[in-house]
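Please read the structure below before turning to the comments.
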Number of protein chains: 4
Amino acid sequence: MNLPLVGLKEERTKIQIKDTVIGGKEVVLMGGPCAVESETQMREAAKAVKEAGGQVLRGGVFKPRTSPYSFQGLGEEGVNYLAEAAAEHGLLTITEVVDEASLELIMDRIDILQIGSRNMQNFQLLKRIGELRKPVVLKRGLAATIEEWLNAAEYILAGGNSQVILCERGIRTYEPSTRNTLDLSAVSLVKELSHLPIIIDPSHAAGRRDLIPSLAKGAIAAGADGLLIEVHPNPDAAMSDGIQSLTPEQFNQLAEELVSVAKAVGRKLIRSNSFDKQANDLVLLRNKIDRIDREIIELLGERMKTAQEIGKQKRMGQIRDGKREHEIIQALQAWAQKVECPVDLIQAIYPLIFDRSIQLQLEGKEAEKSERVI
Amino acid sequence: MNLPLVGLKEERTKIQIKDTVIGGKEVVLMGGPCAVESETQMREAAKAVKEAGGQVLRGGVFKPRTSPYSFQGLGEEGVNYLAEAAAEHGLLTITEVVDEASLELIMDRIDILQIGSRNMQNFQLLKRIGELRKPVVLKRGLAATIEEWLNAAEYILAGGNSQVILCERGIRTYEPSTRNTLDLSAVSLVKELSHLPIIIDPSHAAGRRDLIPSLAKGAIAAGADGLLIEVHPNPDAAMSDGIQSLTPEQFNQLAEELVSVAKAVGRKLIRSNSFDKQANDLVLLRNKIDRIDREIIELLGERMKTAQEIGKQKRMGQIRDGKREHEIIQALQAWAQKVECPVDLIQAIYPLIFDRSIQLQLEGKEAEKSERVI
Amino acid sequence: MNLPLVGLKEERTKIQIKDTVIGGKEVVLMGGPCAVESETQMREAAKAVKEAGGQVLRGGVFKPRTSPYSFQGLGEEGVNYLAEAAAEHGLLTITEVVDEASLELIMDRIDILQIGSRNMQNFQLLKRIGELRKPVVLKRGLAATIEEWLNAAEYILAGGNSQVILCERGIRTYEPSTRNTLDLSAVSLVKELSHLPIIIDPSHAAGRRDLIPSLAKGAIAAGADGLLIEVHPNPDAAMSDGIQSLTPEQFNQLAEELVSVAKAVGRKLIRSNSFDKQANDLVLLRNKIDRIDREIIELLGERMKTAQEIGKQKRMGQIRDGKREHEIIQALQAWAQKVECPVDLIQAIYPLIFDRSIQLQLEGKEAEKSERVI
Amino acid sequence: MNLPLVGLKEERTKIQIKDTVIGGKEVVLMGGPCAVESETQMREAAKAVKEAGGQVLRGGVFKPRTSPYSFQGLGEEGVNYLAEAAAEHGLLTITEVVDEASLELIMDRIDILQIGSRNMQNFQLLKRIGELRKPVVLKRGLAATIEEWLNAAEYILAGGNSQVILCERGIRTYEPSTRNTLDLSAVSLVKELSHLPIIIDPSHAAGRRDLIPSLAKGAIAAGADGLLIEVHPNPDAAMSDGIQSLTPEQFNQLAEELVSVAKAVGRKLIRSNSFDKQANDLVLLRNKIDRIDREIIELLGERMKTAQEIGKQKRMGQIRDGKREHEIIQALQAWAQKVECPVDLIQAIYPLIFDRSIQLQLEGKEAEKSERVI
């Protein structure tokens, strides 16, 4: 592959748009309906995305449709709905661009351009987008190889626009249960072959809403930098793709579940945005604390068991090691500072944890001795 | 689909083989070489699988090979190596069965039978396996639909053998970068359509070792019940599939990474098996404690921030709520018991955590007041 | 590809079974129902195949079915129906073999074994068939590559059985309009890579009867050595694959159309078998003579025009060349003998044809002269 | 499918461009290089296409290439070379259009526009082409379904441009031996679902020159209305797709072979254009006459055999039927007139043919009698 610009570099590309960084530690959530249909619809969609902790509002205004008789999008009117709803909730925006005319309409009003699957090898459009200095999500073609996809990105970078985010959205296979087959290996392959960020669109991959949570979690665990998910305030009434759109509640639930998945692979999915909602905030926040507490305690349990294992391998005299304890506390305090945990709290509770660990180790030794005696 | 036996039931099937349960909360790890080659190779493979915390040792002794001139497997000799190596490390065994003769050889010596992709619609073999009362991993065919795969399982259940574990191993698509394309949606689809457990074989899906960690994590996050991974003590010298085999170190590293992914989706991957290794245990265990501590502190930081958010919404007089604190501690102690964390430790440290939280809330209120004053 | 036995040799393999040769100049027609259902059905099917000029009667008695609850075939009873119906009309027989038990039942009663798509990589079965000395049609797997398919054949030849006929039956693709996608390039590829004959099964490729004539003609024009087509006396009542079965009339019509296609590519499709039917024979035979006469006259017209073209390039003195005429007639008489045309007829009519040609050439020269004069 | 304009109508669409009709009885041959490279190259290509009897010269001047660093086409300069070379040999022209700018450059100079596979769902381009009144070849997308393809055509017809020619060029599958897999069933499917003509591009389907003759013949036999084939004066030096380009000699040879295939399915492929070449014309023309003669004699042989069959069913007194002979000769003379065969020749030779037939019938009767006597 001849990819002088797209090919792997020492540093991975991070694309910053206002406060949001795509390709960094944080996993980015983009949501919204397939097509912009009305002002109300977009307001509700924006609210749903914001509440779930999403950063980007999606919504198509120029729809490439298989049939000329299908709804083709609201055009300029749609741009207004999309931009205004997003502004109201402090969200970024993304919409698909299909040609020069559509580009002119959205260029100054939308934060991220999208090149759809059907245009992945519309090289004239790629060249035009390459002239801009604007983030663009480049969806993989319906049956494009990884190599063709990266070459399509190379067209954009060759023009001077380096803000490309790749988006895997399922490829065409023989399997009839799903609209497409999500090619999960694309995540790892793109990371090996290129420095560009990659996000996943599980909605178009599955083509059915029930599979999206599973695919979304899989995508984040596999290392994706974000998700582009179809969310509609009323999927049953959607003008397109309703069958694969999540409800706001489902999207919110999924976002919650993704928090721990992201963390499990050293990433972060921030849901703090959701704190601007007054109503049931207290309930949500308390639930969150409950969840955190349970996780802390699970970890403490695991810590104790591990300490016991260590104890088994120590001779009796080695059990307490004041110097190591001191060093550990210092290291943990540094870590606390880094992750914005009050340092004095660490100083207060860790000695208690150590004490309990040692106690367990000693109990273990006694038990061992008895066993040997018997 | 007409799947009276395989179709979704109220209760999901859990298959217990000695101490291992497939389809339960625990995620099962199966590893080993593509083909059994020698006694030494299997001993090293078994050691690697055991150390990583795996429960099942794999190794083909009857190899269905594309060319008649490729290595066709060691047959009975291979069964010996596989069974003995597994016994030595307390592992279960799995190997592929291809016909009546191979079945007779392994029937009493191997714990789990495997039906390979090429035989997924060898209906005579399916019927024969249906007569047994023995666990069987049924791999999805090279280009089988989900429906055909479940129907193949129905053949086995129709015979009376209900211990079927489905295994997705990638489907054939046009993409040349990978040997096959892992169909991640199979996990969720199978869970919706059937009560049978499903595991993932990322090795055959990717056909290259570099992608396996990403796919394996994705699979567990998506809800798979286990993984079947090719591990070879010396992949470069492997007689087949070396290119897609992990080294023991890579497998061990992956297992470690999977622990938190499994936990993130409410599952468990037990690595306790690995504690029988004396040598560098202390280093490993201390690293583990360090990791746990860092996670605890991150959570504490998040807890404090959340508490501050709550504080913002309270009136001054509401900050401290002794009754709620008491209730929380009681609930947490119950939880601690459940997850085997010393209960007294909770009693010791949580009041300290509460104190620090309240202090932060109060500081917040003061800051607010000053702002208002100014 | 390592195909020491299957790989291209100087001489192409011709498989002779009684009077029928597969892989020679003649294109072989195999027809019959998907599944043997009853004595009457097979008698009617055999009659239909015979009348159309087919040489081989097909009919499955051991049916590999996706669901265990679908009709699995009549077994031994079906073998009787198939063998007896074929014997009655002097047809050869072909049926699918799926394991040792089915092999034993059909071995001595059926002329050609078939290995179905689902068993293409059932290597144990391939090895078993390799031990026989019996013709076998090896169908390409659902999603097998050409290389895998030829390797499967190599398994059979490696066992000592060299009478393998490859059968392309469509591969699995994303296209939903057809059951499979006929891979026409397989014909040419197989001919380049191997000395084995290849036939086409358009019925399974299309999965719908309306496309079969077009695919069958395409296959023969592309160079296939024969066709395997589903024909059922009453497709609507068929127990399997009725939707893709031709009626006897459609099969007969297709056979008629194939005659000229085969001839166009230097092959032969013999319909002489059909002359045992008394009823409307005279009408059919006279229609045939009419068709032949029209073709002869078209050719004569073309010959005259071509002769005129030649005339334009000759000088006046060269027009008649007695020696060449004599040589031509001698060559044509040799040809006549070869294709069983009465030699004296050639001697009688060709001088008349030459005379008329020369007359036309001369007229052309006169016209030319006048043009030049004017 | 909602295809009010593209859907099947009583009358099939025929597209006339100057003397050439696409979709009629005649099979149309389009040939030329993948990319226009130079004046000389195009002159030689045009000569080759003309000599083979082709009607349309192809050559890309705006090349959609996977990599931005591959040759992108000569643009306007290329249009000149293409148009001039075609004019010189009386050929029509076709080239791919990719956007508004390219459209403006070629609109008045090129006879047929081409929309490439990668732009099949570039709906903006389809709408723009719909505004024109100009023939357009619409290639099937890399992995487009038949339904999507016909819908793409509907976009063009909906705009008012009804001169659409569909072009199947292979679809993306798992098979690695060929660049794509020719979907031959598209021919028959399109004819059933739509009134539009369909041509085949075997070059892109196969991606290798050796398979093209086989696929081309298959396509015509299956009912295609024409072929689009890559021909390059020097394939080894081609700037793109050399590996799949025929040499002029191969193209000429293929055209010759196609004549009889087209005829076999009631179509016509005219090679009369080729008669403007002086050099080795006599050899070619004589070869042609030889071929015709051999065919005539084969037919005469078949006629005699058929007459014998008829004889067997007649009673002795019925053998000669002067009235029927007279009628036949009259009908054949009418036919001769229609296909431009000298009528007097028929009058001269058919009585001889009748005489010989009757003689054979009588010999048959005698033989029969002797048999009965014995």
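Evaluating A:Lys63 against the criteria (1) outside any helix (DSSP H, G or I); (2) within 25 Å of A:Gln16 (Cα to Cα) leaves one unmet condition, (2). Which one is nearest to the chain's Cα centre (by Cα), of the residues in the stretch B:211-261 that are closer than 18 Å to B:Pro197 by Cα and among the charged types (D, E, K, R)? Restricting to residues being closer than 18 Å to B:Pro197 by Cα and among the charged types (D, E, K, R), the top hit is B:Asp225. When the residues of the stretch C:305-339 are narrowed to those that are β-branched (Val, Ile, Thr) and over 33 Å from the mean Cα position of the chain (by Cα), which ends up farthest from D:Leu300 (Cα to Cα)? My answer is C:Ile319.
Looking across the stretch C:203-224 at every residue that is more than 7 Å from chain D (Cβ to nearest Cβ) and charged (D, E, K, R), the one that is surrounded by the fewest Cβ atoms within 10 Å (Cβ to Cβ) is identified as C:Arg208.
When the residues of the stretch A:296-347 are narrowed to those that are facing another protein chain (nearest Cβ under 10 Å) and not in a helix (DSSP H, G or I), which ends up farthest from A:Ala264 (Cα to Cα)? Result: A:Lys314.
Scanning the stretch A:179-191 for residues that are in a loop (DSSP other than H, G, I, E, B) and surrounded by fewer than 24 Cβ atoms within 10 Å (Cβ to Cβ) returns A:Arg179, A:Asn180. When D:Pro176 is tested against the conditions (1) over 26 Å from D:Thr20 (Cβ atoms); (2) over 18 Å from the mean Cα position of the chain (by Cα); (3) buried (at least 24 other Cβ atoms within 10 Å of the Cβ), the lone failure is (3). Residues considered: C:Glu11, C:Glu37. Of these, the only one that is more than 23 Å from C:Val97 (Cα to Cα) and in contact (Cβ under 8 Å) with a residue 60 or more places away in the chain is C:Glu11. Across the stretch B:315-332, the number of residues qualifying as closer than 16 Å to A:Asn287 by Cα, charged (D, E, K, R) and surrounded by 12 or more Cβ atoms within 10 Å (Cβ to Cβ) comes to 1. B:Ala83 meets each of the listed conditions (1) outside any helix (DSSP H, G or I); (2) farther than 12 Å from B:Glu230 by Cα; (3) aliphatic (A, V, I, L, M); (4) in contact (Cβ under 8 Å) with a residue 12 or more places away in the chain apart from (1). Return yes when C:Asp108 is charged (D, E, K, R) and farther than 20 Å from B:Phe123 by Cα and no when it is not. It is true that C:Asp108 is charged (D, E, K, R) and farther than 20 Å from B:Phe123 by Cα.
In the stretch B:143-160, which residue that is in contact with a strand residue (DSSP E or B) (Cβ under 7 Å, 6 or more places away or on another chain) and more than 30 Å from D:Ala144 (Cβ to Cβ) is surrounded by the fewest Cβ atoms within 10 Å (Cβ to Cβ)? Applying the filter and picking the extreme gives B:Leu157. When the residues of the stretch D:98-127 are narrowed to those that are touching a residue at least 12 places away in the same chain (Cβ under 8 Å) and of a type in the set (D, E, K, R), which ends up nearest to D:Met30 (Cα to Cα)? Checked the stretch D:98-127; the qualifying residue nearest to D:Met30 (Cα to Cα) is D:Asp111. When restricted to residues that are of a type in the set (D, E, K, R) and facing chain C (nearest Cβ under 9 Å), the stretch D:348-363 contains 2.
Taken as a whole, the condition of being at pLDDT below 70 and under 30 Å from A:Lys369 (Cα atoms) applies to A:Gly317. Looking across the stretch A:192-213, the residues that are of a type outside the set (D, E, K, R) and assigned to a helix (DSSP H, G or I) come down to A:Leu193, A:Pro202, A:Ser203, A:His204, A:Ala205, A:Ala206, A:Leu211, A:Ile212, A:Pro213. Of all residues in the stretch B:16-51, those that are aliphatic (A, V, I, L, M) and in a strand (DSSP E or B) total 7. Counting only residues that are within 14 Å of another protein chain (Cβ to nearest Cβ), out of contact with any strand residue (DSSP E or B) (no Cβ under 6 Å at 6 or more places or on another chain) and assigned to a loop (DSSP other than H, G, I, E, B), the stretch D:95-142 holds 8 of them.
For the structure I just gave you, tell me whether B:Gly24 is in the same structural domain as B:Leu227 (by TED's automatic domain parsing), crowded, with 18+ Cβ neighbours inside 10 Å and closer than 19 Å to B:Leu92 by Cβ. No, not satisfied.
Among the residues making up the stretch C:348-374, a single one is assigned to a helix (DSSP H, G or I), out of contact with any helix residue (DSSP H, G or I) (no Cβ under 9 Å at 6 or more places or on another chain) and among the β-branched types (Val, Ile, Thr): C:Val373. State whether one or more residues within the stretch A:70-91 are touching an Asp or Glu at 6+ places or on another chain (Cβ under 8 Å), crowded, with 20+ Cβ neighbours inside 10 Å and over 20 Å from A:Asp108 (Cβ atoms). For the stretch A:70-91, residues touching an Asp or Glu at 6+ places or on another chain (Cβ under 8 Å), crowded, with 20+ Cβ neighbours inside 10 Å and over 20 Å from A:Asp108 (Cβ atoms): absent.
Of note, D:Glu148 does not satisfy the criterion of being of a type in the set (D, E, K, R) and away from chain A (no Cβ under 12 Å).
Listed here are the residues, each with its yes/no results for (1) assigned by TED's automatic domain parsing to the domain that holds C:Gln308; (2) free of Cβ contacts under 8 Å to residues at least 12 places away in the same chain; (3) surrounded by 17 or more Cβ atoms within 10 Å (Cβ to Cβ).
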residue: C:Ala334; (1), (2), (3): yes, yes, no
residue: C:Cys341; (1), (2), (3): yes, yes, yes
residue: C:Leu345; (1), (2), (3): yes, yes, yes
residue: C:Ala348; (1), (2), (3): yes, yes, no
residue: C:Ile353; (1), (2), (3): yes, no, yes
residue: C:Ser357; (1), (2), (3): yes, no, yes
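With the condition kept exactly as written, say whether any residue in the stretch A:227-250 is in a helix (DSSP H, G or I), in the same structural domain as A:Gly73 (by TED's automatic domain parsing) and over 24 Å from A:Phe71 (Cβ atoms). Yes: the stretch A:227-250 contains one or more residues that are in a helix (DSSP H, G or I), in the same structural domain as A:Gly73 (by TED's automatic domain parsing) and over 24 Å from A:Phe71 (Cβ atoms).
The values are calculated or read from the model by the stated rules, or taken from the named source; none is laboratory data. Source: prediction; values computed, not measured. Note that each Cβ is placed from the backbone with ideal geometry, even for glycine, and that neighbours are counted across all protein chains shown.
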